[in-house]
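Just below is one structure, and these are the notes that go with it.
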């Protein structure tokens, strides 16, 4: 597994601090803040319970294509690969290419044929989508997500999830109770 990246290496801002504090209070809503290179800056406990990729310092693209080999062929992993590639392309379109972008795209292209194939498709991000997770103790859960830029720089993105159907909404509530210690 790749080493996590320091989410504050590019500099911490008061706005990031505000969002870190805010999402920690959202007990029933999985949420994370990521930077333009798709590195998780902050994630609340409910988001971290959904995926090992939702931990501060983890790069979502690197995790999806390199570190998540055990997920390939399960659930919606191929769909998630397409969505993550589109997020990275969208972020690159919003910013000047820099060394971290070049390094990440180069590493992923060299180490993951799946990434190279997705990158060649040039699919555009929709800012929303659906993903299926396996979260202990509730099992398979399908969540819709939305991405929101937190300011005009488009440097940081807030990602929030909700149950995609009644069953998943119920499982999300159950997971939230478990994470908060009420469901023990």
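Quick check, is residue 22 under 15 Å from residue 157 (Cα atoms) and crowded, with 21+ Cβ neighbours inside 10 Å? In short, no. Got at least one residue in segment 165-178 being surrounded by 12 or more Cβ atoms within 10 Å (Cβ to Cβ), within 16 Å of the chain's Cα centre (by Cα) and within 23 Å of residue 56 (Cα to Cα)? No, every residue in segment 165-178 fails to be surrounded by 12 or more Cβ atoms within 10 Å (Cβ to Cβ), within 16 Å of the chain's Cα centre (by Cα) and within 23 Å of residue 56 (Cα to Cα).
With respect to being surrounded by fewer than 19 Cβ atoms within 10 Å (Cβ to Cβ), at pLDDT 90 or above and within 22 Å of residue 34 (Cβ to Cβ), residue 143 falls outside the description. What's the total number of residues in segment 27-58 that are surrounded by fewer than 21 Cβ atoms within 10 Å (Cβ to Cβ) and without any contact (Cβ under 8 Å) to a residue 24 or more places away in the chain? Qualifying residue count for the region: 2. Residue 93 meets all of the listed conditions (1) at pLDDT below 85; (2) farther than 28 Å from residue 122 by Cβ but one, namely (2). Does residue 138 count as under 27 Å from residue 24 (Cβ atoms), touching a helix residue (DSSP H, G or I) at 6+ places or on another chain (Cβ under 6 Å) and buried (at least 19 other Cβ atoms within 10 Å of the Cβ)? Here the answer is yes, as residue 138 does meet what is asked.
Tallying residues that are touching a strand residue (DSSP E or B) at 6+ places or on another chain (Cβ under 6 Å) and more than 18 Å from residue 52 (Cα to Cα) within segment 164-183 yields 4. Taking the numbered list (1) touching a helix residue (DSSP H, G or I) at 6+ places or on another chain (Cβ under 6 Å); (2) without any contact (Cβ under 8 Å) to a residue 40 or more places away in the chain in turn, residue 153 passes all entries but (1). Right, residue 158: modelled with pLDDT of 95 or more, loosely packed, with under 15 Cβ neighbours inside 10 Å and either farther than 15 Å from residue 38 by Cα or under 18 Å from the mean Cα position of the chain (by Cα) (or both) or not? No: the conditions fail for residue 158.
All conditions but one from (1) over 15 Å from residue 125 (Cβ atoms); (2) surrounded by 16 or more Cβ atoms within 10 Å (Cβ to Cβ) apply to residue 81; the one that does not is (1). For segment 116-148, a tally of residues being within 19 Å of residue 23 (Cα to Cα) and out of contact with any strand residue (DSSP E or B) (no Cβ under 6 Å at 6 or more places or on another chain) returns 0.
The values are calculated or read from the model by the stated rules, or taken from the named source; none is laboratory data. Note that this is a predicted model, so its numbers are computed, not measured. Virtual Cβ from ideal backbone geometry, glycine too; neighbours counted across all protein chains shown.
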